[in-house]
Structure formats: C-alpha cells, structure tokens
Amino acid sequence: MAYAIGDTIAERSVHLDRESLVRYAGASGDFNPIHYRDDVAASVGLPGVLAHGMLTMGIASSVVVAALEPGTRILDYGVRFTKPVVVDATDGADVHVLATVGAVDDESARIDLKVTFDETTVLVKAQLRVAV
Amino acid sequence: MNPELVGREFPPTPPYLVGREKVREFARAVFADAPQHTDVEAARAAGFADVVAPPTFAMVIQDQTLQQLLALDDSGIVLARTIHAEQRFTYSRPIVAGDELVGQLKVTGIRTMGGNALITSEAEITDVDGAHVVTATSVLLVGEGE
C-alpha cells in the first residue's frame, strides 16, 4: 500500500449507546460505574455517563485497521485524552473518526487521527504508525 | 502522591492466555470489523497464526499491572480522583489468540503541578518465552485531595 502525506485513509462515524458501553466494560474488564450509571457520574461531578477513553481509542484504530491491508504491521499507537464523550441514555453519541497520512519515511507511515464528538476534538496527538 | 514510587518495579502478572472468543468479543466491543480479528482463515491468509487482537487489546494485560499499583498501601493514588490522561502502545508484534502473556509494570515518572500529579508507568508485555510483544505506557492524572 502506498502512503502519501495528506491522503485520507478512512473516515467513519460510529454511534455509541449505553449498550456499547456495557459491552466494552465486559470485554475490557473496566467496570468503573461512571461508564454506565447516571447517579454515580453525577455524584463525581461529570456531565453524564462517559464512554471509556480506551473505547474511543479502540474505535479510532478499528477504523484505520479496517482500511489497511490485513497483514499491515502496526508499530506504535498513542493518544492524549482531552475531552470526554458523553453518552446520552436516549440519544447515545456519535464519534467521528478521520484518518489521514501525516508523515512518511523509508520504514513507516504515520497516520494522524482526528476524533471528534459533537464538533469537539476528544483525542489529541492521536497517531498510529505502521510499517511500510 | 508518593514520589518514592518512581523506579519501583512490580512482580510479573500471572500468564494470561488469549482466547479466540475473547479476541472476537473485544473486537466487537471496539467496532473492529476487519476480518482478521474474527475469522481464523482470514487471519491465516494475512500471515497470522490465529485471530488478531485489535491494537488496544494490550490494555487488558496492562490493567492487571495497574491494579498492582492501585493496590499499594503507600501509592497515594485515589481511583475516584484519577483520570486517564495519555496512553501509548509500542509493538514488537501483534497479539494473536493462543498467546500467553505476562505484564511487568515500572513507574517511570511522577510530575506534580499544583496539587495534581501526573504518574507515568510502563507495562512491558512479553510472551512465555520472554520475547517482547508490546509496551503499554500510561499517564494517569491524580487530582488534588481535600
């Protein structure tokens, strides 16, 4: 696969609801109740039940991996968590992922991820590097 | 926050056997719909021994190591005031079903800002032969107590 700086690798919107959060809690083992209980979230001053940061990070890499050749080797992947994704009990939340090529050298390509919820960036410095 | 945590190393976690159905369950939970995560034939055709775990699956092992840190009597870390600030994975190879993995945690840095503290730790995840698989680095922000 050829990588050119600025190319869009993938773009996708993922709809999350409370079931998504419970499913991720079970799969990951992270049962912090701020991810499924409104009363607990409110008691620690949060604006609502939040998606796990690691769920958002996982969704972003899923969008990239699905667009690459299946044998592509991932070298590293890192993010900073800046804003929470609030998942409304009725309406859920839509997380939007845009993956573009940010840098290329002889050995690797850096894929930059813009991950937004409600027009706000929720992950910064989200970068996944693959072997070329 | 206890500054003497820096440099502290923890014992390796018990071996974690990565199950095929666990990989499929995790893949579904993170909307990972590439076939190599769920279809053994597709994974083998792509050069893997079995279904491939999504990149963030390493957090399952990392979490076991962080539980050791949180369980310390002298850490000064209160979970209710702790926020996940940064996460990074550096891979030698992907995790596939059938792997037996061990994690070993090391606290590499503590930085204080006002009453808050940023604690950086590295979980080195290896297979049963001791070969490196992935290093999971996390930064936790621990808020000021009352």
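We did not get these values from a lab; they are worked out from the coordinates using the rules stated. No experiment lies behind these values; they were computed from the predicted model shown. Cβ coordinates were reconstructed from backbone atoms using ideal geometry, including for glycine residues, and neighbour counts include every protein chain displayed.
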Subject >> Residue, nearest to B:A49 (Cα to Cα), within segment B:97-130, restricted to residues that are part of a loop (DSSP other than H, G, I, E, B) and out of contact with any Lys or Arg (no Cβ under 8 Å at 6 or more places or on another chain) >> reply: B:D99
Original post:
So which residues in segment A:25-69 are among the acidic types (D, E) and under 27 Å from B:T90 (Cβ atoms), if there are any at all?
Top reply: A:D30, A:E69
Original post:
Can you name every residue in segment A:7-48 that is of a type in the set (F, W, Y), over 15 Å from the mean Cα position of the chain (by Cα) and closer than 17 Å to A:A93 by Cβ?
Top reply: A:Y36
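Yes/no matrix, rows are residues, columns are (1) touching a residue at least 24 places away in the same chain (Cβ under 8 Å); (2) over 19 Å from the mean Cα position of the chain (by Cα):
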| position | (1), (2) |
| --- | --- |
| B:P3 | yes, yes |
| B:R8 | yes, no |
| B:T13 | yes, no |
| B:L17 | yes, no |
| B:D73 | no, yes |
**OP:** Within segment B:76-98, count every residue that is over 18 Å from A:V122 (Cβ atoms) and either of a type outside the set (G, A, S) or surrounded by fewer than 19 Cβ atoms within 10 Å (Cβ to Cβ) (or both).
**Re:** 16
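Looking at segment B:131-146, which of its residues are under 30 Å from A:V44 (Cβ atoms), in a strand (DSSP E or B) and either in contact (Cβ under 8 Å) with a residue 60 or more places away in the chain or not hydrophobic (A, V, I, L, M, F, W, C) (or both)?
Passing the criteria: B:A136, B:T137, B:S138, B:L140, B:V142.
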Original post:
Which condition number in (1) touching a His at 6+ places or on another chain (Cβ under 9 Å); (2) surrounded by fewer than 17 Cβ atoms within 10 Å (Cβ to Cβ) is the one that B:T126 fails?
Top reply: (2)
Original post:
What are the residues in segment B:73-96 that are more than 12 Å from every other protein chain (Cβ to nearest Cβ) and either aliphatic (A, V, I, L, M) or farther than 22 Å from A:V44 by Cα (or both), if any?
Top reply: B:D73, B:D74, B:I77, B:V96
Subject >> Test: residue in segment B:31-39 that is aliphatic (A, V, I, L, M), within 12 Å of the chain's Cα centre (by Cα) and within 22 Å of A:A27 (Cα to Cα) >> reply: no
Original post:
Among the residues of segment A:112-128, which ones are touching a residue at least 24 places away in the same chain (Cβ under 8 Å), in contact with a strand residue (DSSP E or B) (Cβ under 9 Å, 6 or more places away or on another chain) and polar (S, T, N, Q)?
Top reply: A:T121, A:Q127
